[in-house]
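Notes follow once the structure below has been shown.
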Amino acid sequence: MNAIAVPIDDARQAQWASKQVIEIYRREPVQVHLVNVQHPLSRHISQFLNPRDIRAHHLETGMGILEPAIKALDKAGVPHIDHVLVGRKVESIVRFAKEHSCSQVILETPSDGLLSVFGLGSLAGQIQRAIAANAAKTGSS
């Protein structure tokens with residue numbers, strides 16, 4: 001069974017991604033990994049907090065963001081595995097997809113607009129470029 005990674009950052013994206021995943025799953029069952037990446041707290045803040053509390057905070061926040069997608073997939077009968085990661089978004093998603101042998105990363109691709117002029121672009125564009133670069137390094141497609 002193929003695996004797909006579905007990065008989600010907000011409720012609007014959760015709604016869009018849920019629809020895409022349901023359509024994909026109806027065509028061919030896949031293993032669905034919902035993924036939210038939380039930015040790490042700065043060490044200036046984290047030095048005053050218990051590491052367990054920090055992990056709990058990231059998990060609670062991330063699961064809250066995934067909740068609309070979880071509900072939609074549950075309602076549609078699409079099984080999924082939910083993940084909250086902590087780190088830099090692009091690198092974390094690319095590493096996750098590779099480690100879990102995901103054949104696809106489901107990304108909404110809005111226009112990059114002015115940001116592309118500065119080499120930034122959308123998160124989706126950055127992830128696509130990072131996956132392509134990683135594939136070129138390892139010699140896989």
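Here residue 45 meets the list (1) closer than 18 Å to residue 108 by Cβ; (2) in a helix (DSSP H, G or I) almost entirely, failing just condition (1). For residue 21, state whether it is within 14 Å of the chain's Cα centre (by Cα) and in a helix (DSSP H, G or I). Here the answer is yes, as residue 21 does meet what is asked. Note on segment 40-79: residues that are surrounded by fewer than 12 Cβ atoms within 10 Å (Cβ to Cβ) and within 21 Å of residue 91 (Cβ to Cβ) total 2.
Read-outs: derived from the displayed coordinates by stated rules, not from any lab. Just so it is clear, the model here is predicted, and its values are computed rather than measured. Counting neighbours? That spans all protein chains shown, and the Cβs are built from the backbone with ideal geometry, glycine included.
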